[in-house]
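Report on the structure given below.
The numbers here are math on the coordinates, done by the rules we state, and not lab data. All of these numbers come straight from a predicted model, not from anything done at the bench. In this analysis, Cβ positions are derived from the backbone assuming ideal geometry, glycine residues included, and neighbour counts consider all displayed protein chains.
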Ligand code: HPA
């Protein structure tokens, strides 16, 4: 049963920790560096955690790192699971529900994304204020377990307005030139066609990527406050003047990661 598997993972992690995390961060491609600002770290490889999925993508280390950022105990997931790897939506969200069982209240999700909004440029950080689930990958399909959340969760505020406001204040204080917009989920692993990007732009997307929405849905379902940021690593197909490569995505995300770390450190301190 799904719940039992989640509980098995959570029980194992709980045994390894002296303090439980209040906030969890899922780190996207090239953004794993946030763990460098954490103190008193406990590193738990995914491979040791019973029932935990195993990541397969370059740029995703595959560790759960729990430590302190300021006064907050934070659980950082270095590596996440994608639909294109062959995981089901429920497997992708397994870690989110594990966090719920550990008592996590806030879920911060980061990703690398393609810029669809022509005002964006590679290296920009975009606060996600809404999403479009073009591919309908949804972790809630199937039997609902009320211990995890309700059958029909509301999605009128998928990203917690109070965290969003704090993030904006923090960016302004730090002089970070943030963007804000709608993130659209595409299944990947190929990048989108230019015609798909034109269609997504017409339908209101500002950025496109291959993750984040399943975890956003699960976080809301589980009653967490969710906040998400995209690092725009490239302009999307048809807007970009060069062909995409994963190496370039990771390179730009690594470059932006210093700004993102400073921002997250400040935001977490205010949460
Ligand atoms: N499309 C989809 N996912 C991505 C992109 C993109 O252009 N860049 C980084 N992740």
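May I ask you to order 100-111, 148-159 by the average number of other C-beta atoms within 10 Å around their residues, highest value first?
In descending order of packing, they fall as 100-111, 148-159.
Rg to Rh for the chain: what is it, with Cα atoms only and Rh by Kirkwood? Please list the in-between numbers first.
Working: Rg = 17.2 Å, Rh = 18.4 Å.
With Rh from the inverse mean 1/r over Cα pairs, Rg/Rh is 0.94.
Which whole-number percent gives the relative contact order of the chain, counting Cα pairs below 8 Å spaced six or more residues apart?
Working: 568 pairs, mean separation 71.4, N = 271.
Relative contact order comes out at 26 percent.
Would you look at the GNM of the chain, springs on alpha carbons closer than 10 Å, and say which of 186, 134, 81 moves the most?
134
Between 195, 61, 76, which gets the highest mean-square fluctuation from a Gaussian network model of the chain, Cα cutoff 10 Å?
195
So, by mean Cβ neighbours within 10 angstrom, what's the order for 17-24, 231-238, 1-8 with the highest one leading?
Working: 17-24: 17.2, 231-238: 24.0, 1-8: 15.1.
Top of the packing list down: 231-238, 17-24, 1-8.
Would you please classify the overall shape of segment 106-189 from the alpha carbon gyration tensor, given that a ≥ b ≥ c denote the square roots of the eigenvalues, rounded means a/c under 1.5, and beyond that prolate means a/b larger than b/c while oblate covers the rest?
On the way: a/c = 2.86, a/b = 1.50, b/c = 1.90.
Oblate, since a/c reaches 1.5 and b/c is not below a/b.
Could you please state, rounded to a whole Å, how far the C-alpha centre of segment 114-128 is from the C-alpha centre of segment 144-202?
Using only Cα atoms, the two centres lie 12 Å from each other.
If each of residue 105 and residue 180 carries a label point 7 Å out from its Cα toward its Cβ, how far apart are those two points in nm?
2.4
Efficiency by 1/(1 + (r/R0)^6): what FRET value for residue 199 and residue 169, r their Cβ-Cβ distance, R0 = 30 Å, to the nearest 0.05? Walk me through the numbers before you get to the answer.
Numbers: r = 35 Å, r/R0 = 1.17.
After rounding to 0.05, the efficiency reads 0.30.
Once the Cβ-Cβ distance between residue 84 and residue 129 is put in as r, and R0 is 35 Å, what FRET efficiency do you end up with, to the nearest 0.05?
E between residue 84 and residue 129, to the nearest 0.05, is 0.90.
In percent, how large is the relative contact order of segment 93-248, given Cα pairs closer than 8 Å and 6 or more residues apart? Intermediate results must be reported in sequence, preceding the final value.
Numbers: 280 pairs, mean separation 72.2, N = 156.
It comes to 46 percent, rounded to a whole number.
Using Cα pairs under 8 angstrom and six or more residues apart, how large is the relative contact order of segment 1-145, in percent?
Once divided by the residue count of segment 1-145, the mean separation gives 30 percent.
What are the principal axis extents of the Cα atoms in segment 151-271, in Å, biggest first?
Here the Cα extents, ordered largest to smallest, are 40, 39, 23 Å.
Along the Cα→Cβ direction, 7 angstrom out, place labels at residue 1 and residue 258. What is the inter-label distance in nm?
It is 5.1 nm.
Of the peptides 170-177, 115-122, how do they stack up when ordered by the mean number of other Cβ atoms within 10 Å, highest first?
Averaged packing, sorted descending, gives the order 115-122, 170-177.
Report the residue, chosen from 46, 131, 12, that carries the largest GNM mean-square fluctuation when the chain is represented by alpha-carbon nodes joined by springs under 10 Å.
The residue with the greatest mean-square fluctuation here is 12.
Given the chain, what percent of its DSSP beta bridges are antiparallel, to the nearest 5? Intermediate results must be reported in sequence, preceding the final value.
Details: 17 of 45 bridges.
Restricted to the chain, the bridges split so that about 40 percent are antiparallel.
Label-point separation (nm) for residue 39 and residue 146, each offset 7 Å from Cα along Cα-to-Cβ?
4.4
On the first, second and third principal axes, largest extent first, how far apart are the outermost C-alpha atoms of segment 34-83 in Å?
34, 22, 14
Rg/Rh for segment 1-107 to two decimals, with Rh computed the Kirkwood way over all alpha-carbon pairs. The partial results should precede the final answer.
Working: Rg = 12.8 Å, Rh = 13.7 Å.
So for segment 1-107, dividing Rg by the Kirkwood Rh gives 0.93.
How long is segment 180-241 along each principal axis, judged by its Cα atoms, biggest number first, in Å?
40, 23, 21
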